[in-house]
Amino acid sequence: MTVEMSTYVVAEVSQQADLVKTIRLLDVPTAMPGQFFLIWLPGIDEKPISVSNQTSAGTEFTICGVGPWSTAMLQVEAGDRVGLRGPFGNGFALADNTLLVGGGMGVAPLRYLAHRLMEEGRSFDLVVGARDASSLIFREEFGRWGARFATDNGDLGHVGTVTELLSEMLRLRAYDSLYACGPEGMLAAVRVIADEHEMAYQLALERLMKCGIGLCGHCCMEGSGLRLCVEGPVLTREMLDGTAEFGLPHRDGSGRRRT
Amino acid sequence: MVELPVTLAGIKLHNPTVLASGILGVSASSAALAVAHGAGAVTLKSCGAEPRLGHRGPTILPVPGGLLNAVGLSNPGAAAVAHEIRDFRGRCEVPLVASIFGRTEAEFGEVAAIICDAHPALLEVNVSCPNVSSEFGTPFGLDHDATARITRIVKDIAGTIPVFIKLSPQAHNIGSLARRCQDAGADGITAINSVGPGMAIDVYTRRPILSNLSGGLSGRAVLPVAVRCVYEIAQNVSIPIIGTGGITTPEDALQMILAGATAVGIGTGVHSTGISIFQEVCRGLSEYLEESGFTGLDDIRGAANDR
Ligand SMILES: Cc1cc2nc3c(=O)[nH]c(=O)nc-3n(C[C@H](O)[C@H](O)[C@H](O)COP(=O)(O)OP(=O)(O)OC[C@H]3O[C@@H](n4cnc5c(N)ncnc54)[C@H](O)[C@@H]3O)c2cc1C
Ligand SMILES: Cc1cc2nc3c(=O)[nH]c(=O)nc-3n(C[C@H](O)[C@H](O)[C@H](O)COP(=O)(O)O)c2cc1C
Ligand code: FES
């Protein structure tokens, strides 16, 4: 882990959807799936981003333009420099016979997870959901692993939510545990389903993060106080049990609770 | 095992470690995390009258020997913090220190009134943040007269709640400044806030890295500055001191206590040593007392000042 800032030249930029791009950097410290780096765009801001893949060809980060920093990141070109520090957080523990559940931008860390599970010869299935077919990123890659898709508008695969698809998969066969990343509402639904099936799970969450190193307190979960940047961002049932705010609005940059 | 209780302006701590302001302490839950890991008391992040989002990132930047921070006093506003204080008291026994700042002398009073209504165990007054000078001007804490006036304003409002003034190592003659605070009614001194400010530049993009350009230095590198400040303050006042700055080991905490501190503030050490730092410092202090044949921290406090 490098906690100090270093800048890296962007080796390549690719585009996955209208507002989604992936940057590839070279010689980035080794990370586990589910871990993240803080990426500094000089003059703009610094934000946490999960690793979307890491191979000998470099480390990829996939970013969706939703606000000032992420929109500016979409302008980054090969040859530009961005600052990086990390990896931070706990990451996913790799396991056998699992089902991966991804929604929206949550598919980015699951992509790296799937690559690593493949590499280690661990069996898994995948269900992925998005608003519509055009925002379903990495579709071909996921398709190669036999992923099943859900779209809200029925463009592709199951018409409806990825959690409906999850329930269907669990009726078909048994998995030892679930991995999930996506909007918190989706994660809350996954947790309910996992509880019904008494299955272990690892959910990757997001909170506003100012430091990534366990100091500022902004990413602490209500109740347990768990720091999502150190003890998380991947939480298990045991870790979530003491947490009061899962699936609810959380704090903004001032520390004020959103309502 | 030698026990480590200390009394800070009448407030009992089961051990002398205090979570410093701005580390965790955004919410009751984040402060409670430090309690779960053994902190003897916790300080909340400084709050003002209105919510502030703080500076854009990077705001907290590890550098060799410590870190630079220019968070920009982000806080949810005094009313929301009062709520967190009540929430904390509902679930933790250890004393809670609330920390306040103001853009004007009058605002210190307004914020103190809102916070004291929630009855924190102690009230700390941050007159020394180095990271908002572009907006607030020079910290009040560098001006002895202004610091004395703010002390008086806050103490009048706080009544029986002990008031600690948090000083900057940049203050000229920190010993006599602490004395002015004591004369103005302060019940204790917290020293030091972060040092500098300092700056780190990325050599490839050729820019300062912090969005605020500069930020206060904390962590290992500042320990000797903090120890010297605490030593000078102890020679000038009879009120207790929370010695803060650069503590990462039990020996660091011992230096502070030998310089005259009653309690020790821990901030950056939560990152560099880890959240186990509170327990590690306590274990080390206890072992030191035992090995040297002392029965408590009272036996060694300020010992370095005796010669
Ligand atoms: C551990 C962790 C990993 C992350 N990994 C990724 C990643 O791999 N890819 C990625 O694009 N982002 C990721 N994020 C989110 C990212 O850090 C930023 O929050 C996001 O890029 C928005 O920043 P911004 O400054 O552009 O917009 P902001 O001003 O912060 O947000 C603009 C608006 O968009 C909303 N918003 C924030 N994030 C999202 C989102 N992901 N989807 C929809 N709306 C959102 C905000 O609530 C706000 O209303 C991750 C966050 C965490 C904590
Ligand atoms: C990220 C960060 C935020 C801080 N915020 C505050 C604050 O809001 N109020 C305050 O009085 N001091 C603040 N400080 C200063 C610390 O409380 C402490 O005085 C200083 O960091 C020196 O101690 P340390 O070396 O143990 O960190 C902050 C320090 C850091 C590192
Ligand atoms: S982001 Fe600062 S404590 Fe987690």
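So here's what we get for this one:
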| quantity | calculated |
| --- | --- |
| Residue match in segment A:233-243 (condition: without any contact (Cβ under 8 Å) to a residue 60 or more places away in the chain, part of a loop (DSSP other than H, G, I, E, B), within 14 Å of chain B (Cβ to nearest Cβ) and crowded, with 17+ Cβ neighbours inside 10 Å) | yes |
| Residue match in segment B:79-93 (condition: more than 23 Å from A:Arg257 (Cβ to Cβ) and not hydroxyl-bearing (Ser, Thr, Tyr)) | yes |
| All strands (runs of 3 or more DSSP E) inside segment A:47-90 with 1 or more residues being away from ligand 2 (no atom under 16 Å from the Cβ) and within 11 Å of chain B (Cβ to nearest Cβ) | A:81-88 |
| A:Cys211 of a type outside the set (Phe, Trp, Tyr), touching a Cys at 6+ places or on another chain (Cβ under 6 Å), within 16 Å of ligand 1 (Cβ to nearest atom) and within 29 Å of B:Val81 (Cα to Cα) | no |
| Given (1) among the small types (Gly, Ala, Ser); (2) in contact with an Asp or Glu (Cβ under 9 Å, 6 or more places away or on another chain); (3) not assigned by TED's automatic domain parsing to the domain that holds A:Asp125, index of the condition A:Ala150 fails | (3) |
| Residue in segment B:252-259 that is away from ligand 3 (no atom under 16 Å from the Cβ), surrounded by fewer than 24 Cβ atoms within 10 Å (Cβ to Cβ) and in a loop (DSSP other than H, G, I, E, B) present | no |
| Among the residues listed as A:Ala72, A:Ala108, the single one being over 17 Å from B:Tyr204 (Cα atoms) and more than 18 Å from the chain's Cα centre (by Cα) | A:Ala72 |
| The one condition in (1) within 14 Å of ligand 1 (Cβ to nearest atom); (2) away from chain B (no Cβ under 14 Å); (3) free of Cβ contacts under 8 Å to residues at least 40 places away in the same chain that A:Cys216 fails to fulfil | (2) |
| Check on B:Ile189, over 30 Å from B:Ala148 (Cα atoms), in contact with a Lys or Arg (Cβ under 9 Å, 6 or more places away or on another chain), hydrophobic (A, V, I, L, M, F, W, C) and not in a helix (DSSP H, G or I) | no |
| Single residue of segment B:29-43 satisfying the filter (within 7 Å of chain A (Cβ to nearest Cβ) and not aliphatic (A, V, I, L, M)) that is nearest to the chain's Cα centre (by Cα) | B:Ser30 |
| The one condition in (1) within 12 Å of ligand 2 (Cβ to nearest atom); (2) within 13 Å of another protein chain (Cβ to nearest Cβ); (3) of a type in the set (A, V, I, L, M, F, W, C) that B:Ile165 fails to fulfil | (2) |
| When residues of segment A:82-127 are limited to those that are basic (Lys, Arg) and away from ligand 1 (no atom under 14 Å from the Cβ), the one surrounded by the fewest Cβ atoms within 10 Å (Cβ to Cβ) | A:Arg122 |
| Checklist (1) free of Cβ contacts under 8 Å to residues at least 24 places away in the same chain; (2) part of a loop (DSSP other than H, G, I, E, B) applied to A:Leu94, failing item | (1) |
| Residue match in segment B:108-124 (condition: under 21 Å from B:Ala41 (Cα atoms), touching a residue at least 60 places away in the same chain (Cβ under 8 Å) and of a type in the set (D, E, K, R)) | yes |
| Residue list for segment A:214-228, restricted to those being part of a loop (DSSP other than H, G, I, E, B), within 22 Å of A:Val3 (Cβ to Cβ) and either near ligand 3 (Cβ under 7 Å from one of its atoms) or hydrophobic (A, V, I, L, M, F, W, C) (or both) | A:Gly214, A:Leu215, A:Cys216, A:Gly217, A:His218, A:Cys219, A:Leu226, A:Leu228 |
| Criterion violated by B:Asp145 - all others in (1) more than 14 Å from chain A (Cβ to nearest Cβ); (2) under 24 Å from B:Gly40 (Cα atoms); (3) surrounded by fewer than 17 Cβ atoms within 10 Å (Cβ to Cβ); (4) of a type in the set (D, E, K, R) satisfied | (2) |
| Qualifying residue in segment A:183-194 (condition: outside any helix (DSSP H, G or I) and either touching a residue at least 24 places away in the same chain (Cβ under 8 Å) or touching a helix residue (DSSP H, G or I) at 6+ places or on another chain (Cβ under 9 Å) (or both)) | yes |
| Number of positions in segment A:151-166 that are within 16 Å of A:Phe124 (Cα to Cα) and polar (S, T, N, Q) | 0 |
| Which listed residue, of B:Ser21, B:Ser74, B:Ser46, is facing another protein chain (nearest Cβ under 10 Å) and closer than 19 Å to B:Val125 by Cα | B:Ser74 |
| Which numbered condition A:Tyr179 misses (of (1) away from every other protein chain (no Cβ under 14 Å); (2) within 18 Å of A:Pro33 (Cα to Cα); (3) within 13 Å of ligand 1 (Cβ to nearest atom)) | (3) |
| Test set (1) surrounded by fewer than 20 Cβ atoms within 10 Å (Cβ to Cβ); (2) modelled with pLDDT of 95 or more - B:His172 fails condition number | (2) |
| Matching residues in segment B:239-258 - criterion: being under 21 Å from B:Lys12 (Cα atoms), touching a helix residue (DSSP H, G or I) at 6+ places or on another chain (Cβ under 7 Å) and hydrophobic (A, V, I, L, M, F, W, C) | B:Ile239, B:Ile241, B:Ala253, B:Leu254, B:Met256, B:Ile257, B:Leu258 |
| Options B:Pro169, B:Pro162, B:Pro139, B:Pro95: the member that is under 26 Å from B:Leu24 (Cα atoms) and without any contact (Cβ under 8 Å) to a residue 40 or more places away in the chain | B:Pro139 |
| Qualifying position, being free of Cβ contacts under 8 Å to residues at least 60 places away in the same chain and among the hydroxyl-bearing types (Ser, Thr, Tyr), among A:Ser167, A:Ser177 | A:Ser167 |
| Residue check for B:Gly57: surrounded by 24 or more Cβ atoms within 10 Å (Cβ to Cβ), of a type outside the set (S, T, N, Q) and within 9 Å of chain A (Cβ to nearest Cβ) | yes |
| Residue in segment B:205-222 that is nearest to B:Ser194 (Cα to Cα), counting only those that are more than 17 Å from the chain's Cα centre (by Cα) and in a strand (DSSP E or B) | B:Pro208 |
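The values are calculated or read from the model by the stated rules, or taken from the named source; none is laboratory data. Just so it is clear, the structure is predicted and the values come from calculations on it, not from any experiment. Please note: Cβ atoms are built from the backbone with ideal geometry, for glycine as well, and neighbour counts cover all protein chains shown.
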